[in-house]
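Working notes, beginning with the structure itself.
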Amino acid sequence: MVLQIESPAPSIQAETWLRGEPLTSFEPGKVYIVEFWATWCGSCVDGMPHLMQLQEKYRESGVEIVGVAASERAPTADEARSTLDAWLTEKFPNLNYRIAFDSTGEMDKLWMEPSFSFWIPTSFVVDRDGCIAFIGEPTELDEVLPKVLNGSWRTSDQAKSADAERIAEGEPIAREQALKKPIKDRYRAAVEKKDWKTALSAIEEGIALMPDNLGFRRSHVNLLLHKMKDMQVGLPVMRQFVRDAINRNSENWMVAALDELFFPN
């Protein structure tokens, strides 16, 4: 079921609360901003002072902000949690809103995936009745939040149009993600075991399904040249990757090609 305006808000299934008291349920009469973010996301970090300002400005109006760190990068969950805790202490010692940490993927499954939200930061506004009022970029909160508070947002044509557009854009991406997931899961499991033959089989299956997917194409080059050391097969694949990057005139493709040439992982 698609998570959208008027949907009941999912529950908060955080693994750990690093700042503020644990939030077990949404209190009727209060408005919550649930923001998914990460320390490695520049725009997320840049937006944190703004969230602090919103929390201070609207606290007396019953607004509570919850930052959900569900995408931290570290070898283990314990390391991710402790690193995040130290980062918060250093960067935002006076943070005035809750921070939840989750490495299980549960919060993404409850909030991000059913709402077709694929990037961070993403903000969810939960209205006074526990229903979703807004899903989108936090830069829009200055306009949206006052209208949520005065009760005019959810019934407005602007809100309905924006949500319909968001869903229409997200549905094809979600379908593609669903197709890629089993392939990527098989690839990652094989890479962890250094089973390069199985990893290559998974990537070639992905390319056959989505020949224009940058991630699959780059992984194909990386496997052949840098993991399997198969220069006979890998060099022609690399040359084709570079040609395609040039023909597309795409910065992302060019950066990926240059990285595989000079800075492979």
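Please treat every number below as a calculation from the coordinates, not as lab data. Note that the coordinates shown come from a computational prediction; the quantities given were computed from them, not determined experimentally. A quick note on method: Cβ atoms are made from the backbone with ideal geometry, for glycine too, and the neighbour counts reach across all protein chains shown.
Below are the figures for this structure:
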{"quantity": "Within region 16-155, percent of DSSP bridges classed antiparallel, to nearest 5", "calculated": "50 percent"}
{"quantity": "Residues Ser201 and Arg239, FRET efficiency given R0 of 30 Å [Cβ-Cβ distance, rounded to 0.05]", "calculated": "0.85"}
{"quantity": "Cβ charges +1 (Lys, Arg) and -1 (Asp, Glu), total dipole of region 69-169, debye", "calculated": "220 debye"}
{"quantity": "Convex hull volume per residue in cubic angstrom - Cα atoms of region 182-262", "calculated": "84 Å³"}
{"quantity": "GNM result for the chain, Cα springs below 10 Å: residue of Val68, Val191, Val45 fluctuating most strongly", "calculated": "Val191"}
{"quantity": "Amide hydrogen neighbours beyond the local backbone of Cys131, cut-off 5 Å, H modeled", "calculated": "Ala9"}
{"quantity": "Lysine pairs within the chain, Cα separation less than 21 Å, 8 or more sequence positions apart or different chains", "calculated": "23"}
{"quantity": "Cα coordinate range in the chain, projected on the principal axes (Å, largest first)", "calculated": "67, 42, 29"}
